[in-house]
1. Please state the charge dipole magnitude for region 81-151, taken about the Cα centre, from unit charges on C-beta atoms (+1 on K and R, -1 on D and E), reported in debye and rounded to the nearest 20.
2. Round to the nearest 10 and give me the degree value, 0 to 90, for the angle of helix 107-120's Cα axis relative to the longest principal axis of the chain.
3. With a Förster radius of 22 Å, plug the Cβ-Cβ distance of S160 and T124 into 1/(1 + (r/R0)^6) and report the FRET value to the nearest 0.05.
4. Report, in deg cm²/dmol and to the nearest 500, the calculated mean residue ellipticity at 222 nm for the chain, where each DSSP H run with n ≥ 4 adds -39500 (n - 2.57) and the sum is divided by the residue count.
5. Taking the square root of 5 times each eigenvalue of the Cα gyration tensor, what semi-axes in Å does the equivalent ellipsoid of the chain have, largest first?
6. Cross-link list K116/K170; K146/K203; K48/K122; K31/K105; K75/K164: which exceed 28 angstrom alpha carbon to alpha carbon?
7. List the aspartates and glutamates whose alpha-carbon lies under 20 Å from that of K174, not counting same-chain residues fewer than 8 positions away?
8. For the pair V104 and T143, how long in nm is the line joining their label points, each one 7 Å along Cα→Cβ?
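None of the figures in this text is laboratory data; all of them are computed from the coordinates on show. Here the structure is a predicted model, which means the values were calculated and not measured. Here the Cβ positions follow ideal geometry from the backbone for every residue, glycine too, while neighbour counts run over all protein chains shown.
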Amino acid sequence: MIKKMMVGVVGVVVLCMGLVFTMKAAEEAGKTTLDNLQAAFNGESNAKVRYEAFAVKADEEGYKSVASLFRAASKSEGIHAASHAVVIRKMGAEPKAAIEKADVKSTKENLEASIKGETYEKETMYPSFIKLAEADKNSDASTTFKRAMAAEVEHARLYSQALKELDAWKATGKEFLVCTVCGYTTMDMNLKVCPVSSTPRGKFDLVK
């Protein structure tokens, strides 16, 4: 009798575990490349607004070069959003974004939050989006995701540098180049061609 009860309990546990894994698989299977494009469009649209607000705060606190970095990143995120929107429309849908009010704190905290967000995008979000787009053989989606991810890598690096050298970034003078095609952002004023989209320097915007 006890043996039968144990077998029954094990069976229920296995069944429950199976349901959990099945639900998880169903949720994952329900996410399409179009869903991912919409999520990325929403995220980049909000990042643009958030970095604009962070730039204003940095200026208020006297971190002039940090403000320039946030303005450059905001421009970059806007380019990503526009690129994602093109692919979304190509797939027969309209891009949608729910813009949230930016949670603005001190410049130091804003940099820390930005590093966290960019790290998530470059290490988790975009790699998973790229994987599905490639499985779907959707080269347009794959390209726009890869370009955005490459820019997020640089954003995370630049934010980390600014945070580490925060006092030195109070002075004005740091300038940034933003590729108008893919959003790649750099402090390298000697750059001739975008390493991501092969766009010539003439099509970069200078942000001070």
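1. Taking the Cα centre of region 81-151 as origin, the dipole is about 160 debye.
2. 50 degrees
3. Numbers: r = 17 Å, r/R0 = 0.79.
Efficiency, rounded to the nearest 0.05: 0.80.
4. Result for the chain, helices only: -22500 deg cm²/dmol.
5. They are 40, 22, 14 Å, listed from largest to smallest.
6. Flagged as over cut-off: K31/K105.
7. Candidates past the 8-residue exclusion: E52, D59, E60, E61, E77, E112, E152, E154, E165, D188, D205.
8. Using points 7 Å along Cα→Cβ, the separation is 3.7 nm.
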